[in-house]
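The structure appears below as structure tokens.
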Amino acid sequence: MPEQIFAYILHKNGNVDDTAAELIHAANAISPEASVVAVVAGSGDELQAVCDEMAKTYAEVWKIDSDALVYINAEVLRGLLVRVLPKNPVVLVPHEHFGMDLSPGLSVKLDAAYLPDVVAFEGLEGGLLKAVREEYSGMVSTHVTCDIREGAVITIRPGAFQPDESRDAGGQVLDKTDEAVDGGIPGGNRRYLEIVEAETGDVDITKSDVLVSVGRGIEDEDNLEIVFDLAKSMGADVSCSRPIVDAKWLEKARQVGTSGQTVKPKVYLACGISGSFQHMGGIKGAPFIVAINKNAKAPIFQVADVGVVADIVEFLPDLADAIGDTK
Amino acid sequence: MEILVCVKRVPDSSENEIEVNPSGTDIERDDLVYSVNEWDNYAVEEAIQIRDKVGGSVTVVSIGDEDAEEVIRREMAMGADNGIHLSDESFEGSDGRGFATILKAVVDQGNYDLILTGAQADDGAGQVGGMLAALLDYPYASLVNLIDVLDGKRIKVGREIAGGHQEMNEIDLPCVLSIQTGINEPRYVGIRGIRKVASIDIPIKGAGDLGVGTETIGAAAAKVKRQDYFVPELGEGAEMLEGSTDEIVEKLIELLKAKGGFK
Amino acid sequence: MDPVLTSPAHSFFLFIPAALIYLLIPLLGIGTFTFIIARRSAPLIRSKPDFRWNRFFERGVYTIKYWLMQYKQPRYRLAGVLHILLFAGFLILGIRSISLVILGFYDGFVFPGLDGWIGHVYSVLKDYMATIVFVVVVVAAIRRLFFMPARYRVPEKYGKDHTAEAILVLGFIAILMASESLFEASQAAAQAQAGAAAEFIAPLSLPWFFKIALLWTPLESLQSIHLVSYFIHDVTFFLFLCFLPMGKHFHVVTSLFNVFFMKLNKGSVKPVQWGVSDEQLDDLESFGVKNFEDFTWKHILDFYSCADCGRCSDNCPANAAGRPLSPRFISIKGRDYCFKHYPLRGDFVSHEPLMEGTYEDDEIWSCTTCGACEEECPLMIEYIDKIVDLRRGMVDEGNVPQSLQKPLRALEKRGNPYGKMEKKRADWIKGDGFPEDLQVTILGKKETADTLYFVDSVTSYDDRIQEIGRATARVLFAAGEDFGILGRQEKDSGHEVRRFGEEMLFQALRDENTDAIRNSGVRRIVTADPHAFNALIKDYEDLPRVEHISQVMARAIARGKLNLKAVENPELIYTYHDPCYLGRHNNLYDTPRDVIDAIPGLRRVEMDRCRDRSFCCGGGGLMLFYEPVEETRMGKLRVEMAKAAGADVIVTACPFCMVNIEDAIKTSGLEGQMVAMDLSELIAAHLNG
């Protein structure tokens, strides 16, 4: 049984990522007895604010503060973490673009097991942790066991665990900077340059209350017209899933998902979207989700509030007409 | 530039229905067709484009039984110069770390400036590239969607991050990158292309050839093991609207109205 | 008849006998022309082989029909009639012009056979012909300058307007006509003034008017006019001759050959390389057209022969939908490339890649191979084979749009472009509403039948199109046919695979199907998919007889085996949309119409563009996966045409037409006002009992 479990906290511009509050529940699911330590890296006042915020959730917060971490480069952070973490640690990292950059190599450097993209834990027995993962875009799941006796780096799928909202931990912040930077800043052979912002379109879907979101089920670029017609009749904006952007039918700024925009609408109408976790990962704030898909087995129906099995190319014009009639 | 690309043969899941076999030990493989992992294919195309621009060679490596040769050949038909087929009973049951260990031995035997993997696979978790880089002590970048060769020692790479933004980095060679789809438009390989490279010999290497200690790979060394496959229990799911189209539309409009779906 | 005027042959130019000059001019002219033709022949010699030395009788008949009789010209009424008159003028006046040239150094020359009364008849004929040609030239020039049809326009991306060349050539012709007439009229006027006998001049002809105008002109002036007009005629004649191979008027020289060597097997696709068998294909270094020299000599002759009339593009559905394809410029750009790289003077530049230089990727992928361009071309220029060859080149280079790669890989692995499982290929026979007592036989080791229903991929797998499959099966049952299907043994016919340039994949599919069909022991194949129909006939070998379902239905109706009840809703107006691969490529125009008309009380109208001018719905097979750059969809345009014809129901006989047209009805917002129906569905719905 690990005594401590470390949770790596993502934050940006002083704001804590949603996954920060989820990792503590993930840690509890591994071992309720273990104490959970939040590890927060960054620099300056923003970092301090994040640490203070995290102390409300985690009993112990480790702070690593360095100018080299203004923009966190996984190559740099990995080297620092190796110096700070104890022997055979269990480390939880959110499974998103930064976690994917950091974690596999971290497990090697710690000589620990690597257990990626976990959606649930099902017990720990004799050092063997049983976890659930998904394969083939969620069509099947697997049980895996992971030997964590010599430590483990585990990435947790964002949204898979409920966030802890009690915020009554009253934790303490420990500054681990000196330990971390003792020996210099590692990872100089990969240097961060800049962020190239995605082209913004004529619409900001992150601010929309109602989204009509279109996926592969639209079949043809010309059919997009019916989606815009429906959105117009509802006073909604049009967003989409990744295949639509890959096909260059709509601009990147309209893409919802982990590699696109994070949206917080009140109502989300998913049209012809199968509902991969990458797509659902971009929907926050628990909107009312209506799913329309011709495949009754589409995973979207598991997460939607209301479902309609229909071909969107046929159904959407009917819906748009009927909405038009109500006005 | 000497480039190594690690590729994997996977079931083509786009139209295949992936189902679990009755005993839950594996997915039903009888009616599956296999192809090269989509991400890996982008990586090979990128390698070929870099080679065509700055010279050098592209080597494709794959771990797997005799069927793996098919994907190596396909990538060679695309334009890769060399293929290496890694096959050994002792490889079976390896976890990500085990596979990274095997690949490290391949890198050690060559003189590669750039090592590419796919960012992920349908049956994997995007781990081998990062582990390989750490084992080699090479810098690593994941989810790469742009590569710009600056000179013989440095490249500029773009990473796909949240919000569709791109994180630009400069990396020293040699390095390991995992390639995201969309970085290029992979060329087509037809039957004719494959036939053209049909007679090229693809060396098969085992643990002995690579000098990999069998205690570091295979099921025995694996800390992570897949126990079974299962179909996830369905949650409550959506309230399904049924009836004629008119009825469904009517109900839906009512619900949307109630939730503020109209302006 | 004693000539009053000195003839050109006896005149002097300064002190030099003019006969010498008039001998030199033709020598120089013919020499130059021969040199130009020799240079122009170089690319033909360096190009790929093309086997056209066969079926000479048929070729002779077609040459008379399409070249001599100008059969296709009147498809465009005004332009066609003008061209026929010009062409007739060229044939008739060519003799006169040549004899005039010879007269310059051989006084009193007359073509053998043109002495005596035939000569007099000819003289009258040529007088009128010259007049007609002169008038036609004036009309053509006015039309070109002031009422230019849209199809002659040159979009900016394709370069400059071709009007200057057209006007120059019309000028040449006008000068030839006028000078010839003046030459004759001056002679006649002089004879008349001297009261001597003269050659009869046809009343109201051009020389006749000139003669009257010249009657009071002094003799010296007439002598000058006589000699000068001769000189102008002689020089113009050879200038014109040597100008022909410089541009679109090369067709005057090449058309005879181009028509004679025309493609005879409509709907087929040329082999990868003539003279190379399927077994030897692996030995070929390269596939398809990558460089200009990869075209066959006939295809380069096509480029030379294009008259730039724009009829191909005027009928091209891709062009109409705003795709980046205009067949006219496939030819013009090919010709321009050729003239530039094979100049009359200087070194030849060969083996430069054509794609992304001369032709664009999207341009070449935009073609649906509907054949409207070839149907229209008066010069029998081929486009489909060139497009397919260019695609073969692109496929060989791996240059295939991402949207097509997935279906091609699926075809390789699963035998259908959707990547669906083979075991589900026959699932359509168990669909909703299909009578359970109708058991479709799946042919195999035990099960045999007389007829094979070849279903093909779209009908096997597409939810909507499966209904066409079930309707076809119901009709076959009703007609009492003993039939079965191949089930999972059937693979995609490969029709579009071949036409998209993936020859090796096509051959793999063809070989599998051929084995399965032969092993099934059937004696006849029926299909409801014109693409499969065309493939099985044109692309496969040694198969049993192949019929389209419309042929089976027409026969069954004629023999009373299919009893059709009165039309369900007599208010509705039906129209029939000719699928490209049933109509244009296989000449089945009347059979499906007869079947529709067999339904008592059914009212049917024709769209403006019907039969061999049918407008492609948007293409089938792999074209459904291709994402073209376009302004509108072909299907939408087609639905508008049906609407304009006043139709409520579009009947077609091709599953892909159904996909495209049904989709277009939806996206045009005409749902509820218009429906699309397959011929099999229409007949299945009107089966009696």
Check your understanding: Within the range C:44-90, which residues are more than 30 Å from C:Ser205 (Cα to Cα) and assigned to a helix (DSSP H, G or I)?
Key -> C:Leu44, C:Ile45, C:Arg46, C:Phe56, C:Phe57, C:Glu58, C:Arg59, C:Gly60, C:Val61, C:Tyr62, C:Thr63
Point to revise | Those residues of the range A:17-74 which are under 18 Å from A:His97 (Cα atoms) and among the aromatic types (Phe, Trp, Tyr), in sequence order | key: A:Tyr71
Practice item. Being β-branched (Val, Ile, Thr) and facing another protein chain (nearest Cβ under 9 Å) narrows it down to one of B:Ile147, B:Ile161, B:Ile155, so name that one. Key: B:Ile161
Exercise for review: Output the residues belonging to the range B:14-38 that are at the interface with chain C (Cβ under 10 Å from one of its Cβ atoms), assigned to a loop (DSSP other than H, G, I, E, B) and either surrounded by fewer than 19 Cβ atoms within 10 Å (Cβ to Cβ) or touching a helix residue (DSSP H, G or I) at 6+ places or on another chain (Cβ under 7 Å) (or both).
Suggested key: B:Ser14, B:Glu15, B:Glu17, B:Asp30, B:Asp31, B:Leu32, B:Val33
Exercise for review: Sort out which residues of the range A:300-324 are modelled with pLDDT under 85 and facing chain B (nearest Cβ under 9 Å), and write them in order of number.
Suggested key: A:Gln302, A:Val303
Review point. Among (1) surrounded by 23 or more Cβ atoms within 10 Å (Cβ to Cβ); (2) without any contact (Cβ under 8 Å) to a residue 12 or more places away in the chain; (3) not small (Gly, Ala, Ser), which single condition is C:Asp511 missing?
Key: (1)
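Matching residues to (1) closer than 19 Å to B:Ala198 by Cβ; (2) touching a residue at least 12 places away in the same chain (Cβ under 8 Å); (3) within 16 Å of the chain's Cα centre (by Cα):
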residue	(1), (2), (3)
B:Tyr42	no, yes, yes
B:Glu45	no, yes, yes
B:Gly55	no, yes, no
B:Ser62	yes, yes, yes
B:Ile72	yes, yes, yes
B:Glu75	yes, yes, yes
B:Asp81	yes, yes, no
Practice item. Output yes when any residue across the range A:109-128 is among the aliphatic types (A, V, I, L, M), free of Cβ contacts under 8 Å to residues at least 40 places away in the same chain and more than 8 Å from chain B (Cβ to nearest Cβ), and no when none is. Key: yes
Study note, to complete from the structure: From the option list C:Ala189, C:Ala178, single residue qualifying as over 25 Å from C:Val137 (Cα atoms) and in contact (Cβ under 8 Å) with a residue 24 or more places away in the chain is C:Ala189
Review point. How many of the residues making up the range B:254-263 are loosely packed, with under 13 Cβ neighbours inside 10 Å and at the interface with chain A (Cβ under 7 Å from one of its Cβ atoms)?
Key: 1
**Study point:** the range A:206-221, residues that are in contact with an Asp or Glu (Cβ under 8 Å, 6 or more places away or on another chain) and either surrounded by fewer than 22 Cβ atoms within 10 Å (Cβ to Cβ) or within 18 Å of B:Phe262 (Cβ to Cβ) (or both)
**Key:** A:Ser208, A:Val210, A:Leu211, A:Val212, A:Asp220, A:Glu221
Check your understanding: Given C:Ile232, C:Ile300, which one is in contact with a Pro (Cβ under 6 Å, 6 or more places away or on another chain) and modelled with pLDDT of 95 or more?
Key -> C:Ile300
Review point. C:Lys446: surrounded by fewer than 16 Cβ atoms within 10 Å (Cβ to Cβ) and either part of a loop (DSSP other than H, G, I, E, B) or without any contact (Cβ under 8 Å) to a residue 40 or more places away in the chain (or both), yes or no?
Key: yes
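Tell me, which residue of the range C:569-616 that is of a type in the set (Phe, Trp, Tyr) and not in a loop (DSSP other than H, G, I, E, B) is farthest from C:Gly267 (Cα to Cα)?
Filtering the range C:569-616 down to residues of a type in the set (Phe, Trp, Tyr) leaves C:574, C:576, C:581, C:589, C:615.
In the following step, the residues that additionally are not in a loop (DSSP other than H, G, I, E, B) were identified as C:574, C:576.
Values: C:Tyr574: 28, C:Tyr576: 21 Å.
Applying the filter and picking the extreme gives C:Tyr574.
Filter the range C:623-663 down to the residues that are hydroxyl-bearing (Ser, Thr, Tyr) and either over 17 Å from C:Val605 (Cβ atoms) or assigned to a helix (DSSP H, G or I) (or both), then identify the one that is farthest from the other protein chains (Cβ to nearest Cβ).
Out of the qualifying residues, it is C:Tyr626.
Condition check ((1) free of Cβ contacts under 8 Å to residues at least 12 places away in the same chain; (2) among the aliphatic types (A, V, I, L, M); (3) surrounded by 18 or more Cβ atoms within 10 Å (Cβ to Cβ)) across all residues:
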| position | (1), (2), (3) |
| --- | --- |
| C:Arg559 | yes, no, no |
| C:Thr575 | no, no, yes |
| C:Asp590 | yes, no, no |
| C:Ile596 | no, yes, yes |
| C:Gly601 | no, no, no |
| C:Met623 | no, yes, yes |
| C:Thr632 | no, no, no |
Review point. Would it be correct to say that C:His162 is surrounded by 15 or more Cβ atoms within 10 Å (Cβ to Cβ), at pLDDT below 95, closer than 30 Å to C:Thr34 by Cβ and within 46 Å of the chain's Cα centre (by Cα)?
Key: yes
Review point. In this structure, does B:Ser62 turn out to be crowded, with 22+ Cβ neighbours inside 10 Å, on the phi < 0 side of the Ramachandran plot, in contact with a helix residue (DSSP H, G or I) (Cβ under 7 Å, 6 or more places away or on another chain) and of a type in the set (Ser, Thr, Tyr)?
Key: yes
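For (1) surrounded by 17 or more Cβ atoms within 10 Å (Cβ to Cβ); (2) more than 7 Å from chain A (Cβ to nearest Cβ); (3) in contact (Cβ under 8 Å) with a residue 60 or more places away in the chain, each residue gets a yes or a no:
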site	(1), (2), (3)
B:Thr214	no, yes, yes
B:Gly218	yes, yes, yes
B:Gln227	no, no, no
B:Ala238	yes, no, no
B:Gly243	no, yes, no
B:Ile248	yes, no, no
B:Leu252	yes, no, no
Exercise for review: Could you check the range C:231-332 for helices (runs of 4 or more DSSP H) lying wholly inside it with 1 or more residues that are more than 15 Å from the chain's Cα centre (by Cα)?
Suggested key: C:251-260, C:297-305, C:317-320
Point to revise | Selection status of C:Leu411, at pLDDT 95 or above, touching a Ser or Thr at 6+ places or on another chain (Cβ under 9 Å) and within 12 Å of chain B (Cβ to nearest Cβ) | key: yes
Check your understanding: Got a sec? Which of C:Val388, C:Val349 is free of Cβ contacts under 8 Å to residues at least 40 places away in the same chain, touching a helix residue (DSSP H, G or I) at 6+ places or on another chain (Cβ under 9 Å) and away from chain B (no Cβ under 14 Å)?
Key -> C:Val349
Exercise for review: Working only within the range C:192-201, note down all residues that are without any contact (Cβ under 8 Å) to a residue 60 or more places away in the chain and among the hydrophobic types (A, V, I, L, M, F, W, C).
Suggested key: C:Ala192
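Among the residues of the range C:414-426, is there at least one that is in contact (Cβ under 8 Å) with a residue 12 or more places away in the chain, more than 11 Å from chain B (Cβ to nearest Cβ) and either crowded, with 23+ Cβ neighbours inside 10 Å or more than 26 Å from C:Pro353 (Cα to Cα) (or both)?
yes
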Revision key, fill the gap. Scanning the range A:251-295 for residues that are facing chain B (nearest Cβ under 8 Å) and not β-branched (Val, Ile, Thr) gives A:Lys252, A:Ala253, A:Gln255, A:Ser259, A:Gly260, A:Gln261, A:Lys266, A:Leu269, A:Phe288, A:Ala291
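The values are calculated or read from the model by the stated rules, or taken from the named source; none is laboratory data. Quick caveat: nothing in here was measured; it's all calculated off a predicted structure. Quick reminder, even Gly has a Cβ in these numbers, built from the backbone with ideal geometry, and neighbours come from all protein chains shown.
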